[in-house]
Each structure stands twice: as C-alpha cells, then as structure tokens.
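The values are calculated or read from the model by the stated rules, or taken from the named source; none is laboratory data. Only a predicted model underlies this, so the values are computations on that prediction, with no experimental measurement involved. Here the Cβ positions follow ideal geometry from the backbone for every residue, glycine too, while neighbour counts run over all protein chains shown. All accessible areas refer to the heavy atoms of the entire protein, side chains included, with ligands and DNA or RNA removed. Shrake-Rupley method; radii C 1.70, N 1.55, O 1.52, S 1.80 Å.
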Amino acid sequence: MGSTRQFTSDEIRDYSSKIVEFSWSVSPGNLMNLFVNYPGKLIIIGGRPAMGKTALMISMIKRCPEYPSLIFSPGESAKQLTDKFHFISEDQPEFYICDSKEIDFDLISLILKYQQITSPVKIVFIDYLQLLPYPDTDLLNRLKQLAKEFEVPIVVFSQLNKSVNEYPLTSPALSSFPPRRLDVSVADEIYYLVRPDFYSIKKNVDSDFLKVMAILKGVKGKYQGFSFVMEFDSKNREFMAFK
C-alpha cells in the first residue's frame, strides 16, 4: 500500500518541468481526433477524484462539434451534464445522454444499436466504469467487441485505487486500476490522468493547473511511456493545450 504525503512546491515544479520537456502538448480536440480516427477501439482513461475526467470529456466534445457523441452517465443527470456544457460552448455540439442508474452492458448495446440506426454517433463515452452494476468479469471484453461491431471508439473513464497517492514521484501502472475482477489490459489504449499539484500543498481548486495523461498502452502498442500535457482554463472551465 502506498503512503500519503504532501510533496513540496519545489518537487512538483521540478517534476512538472520534466513532464513538459518529455511530453506532447495536446488540446482536447487533438485527443478527440486521435480517438475518432481509430474507430473500433476500447479506450480507458483512469484518474483519481478531482482529476477532471468529466471536464476532459466535455472539453473534447466541445472542441469537435462535428463528431456527434453518445454519453452514458449513471453518476450525473442529463441536466447536470448539459448545464456544464453551457459554461464552455457557444456552438452547441451534438450529443446524446443516457443517465439511467441501471446502465449495464445490455442497455449500452441496445441504445448504441438504436442510436446508429437513427442518428449515428462518432464516439461513445462511459462516465464512469465503477458506477456500472456489472456482475460479470467479461464486461470490458464485451465493450471491446461492441466498439468493433459498430466501428466507434468507446471511451471508458475509471477511478484508480485509493492507495495511488505517491504519484507523481512514482510511475503509473495497470495495477493502479481497481481490479473488481476486471482486466483493464484488454483495452486497446489506456491512459492515466493526473494533476501534479494535487499532491503538493493544496491550491485553490479554481486555479489553473497542469494536467498529464501518461500513456500506458498506446495506439498499436506505440508511445508507451510517453505523456500528453494540457492546461485547465479555470475561467472558461475547459482544457486546452499547454503553452
């Protein structure tokens, strides 16, 4: 089990400078294009609470309104999510939300099938994995097959183990994801979302901060060990490329 401690500002500053030097600066739009251009993939993005998983999803959709999206949100209502879009969108993107508290694989499959017949989407988001009432151990494999069947990327957000408290001074690993009898390694791509200053002396949650996506399993097995880096614009409540 990892121990919890507060890192000093100097440690975080040194770590952040190394991340910027050895990472690719990307925008949410870049990520959306990357995912959509590889249809039929299962993508997992892990992160502890307060890392901005939902905000990243919203920023991606906002930046690419040409890609209709389907969102499964058992944790937040459709109204709550739609209200968040109003903070950051002038031109409203096209998105559909299922906010049932009983979302499971059968419902996801049924709604996606209906959606692709009536108003096709380019990407599917599930926010987030641990809120799905899944009794079977094969859920991720089934989602992977569903992505291939409908030729759309399925992006699944996931919580991380509570013991993951020593990052950023330790490297992320697949073991950082809660097992719950699920093997996340079946995913085609796996990312680890982190906010370095979260582990230093706490800052105001509305301040701008650095966001890192470490790549644990990249496109066609490439890019493993690299990272993406972004900034969060607290005024407009959205992610943007690091400047």
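Computed quantities for the displayed model
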read-out	value
Scan of the range 30-43 for residues that are at pLDDT below 90 and open to solvent by less than 50 Å² (accessible area, probe 1.4 Å), ordered by number	Leu31, Leu34
Matching entry among Pro120, Pro74, Pro133, Pro49 (being more than 19 Å from the chain's Cα centre (by Cα), touching a residue at least 40 places away in the same chain (Cβ under 8 Å) and either outside any helix (DSSP H, G or I) or closer than 25 Å to Met230 by Cα (or both))	Pro120
Among (1) open to solvent by 30 Å² or more (accessible area, probe 1.4 Å); (2) part of a helix (DSSP H, G or I); (3) under 17 Å from Val124 (Cβ atoms) - the single one Ile58 does not satisfy	(1)
Residues of the range 85-111 that turn out to be assigned to a helix (DSSP H, G or I), at pLDDT below 80 and surrounded by 11 or more Cβ atoms within 10 Å (Cβ to Cβ), as a count	3
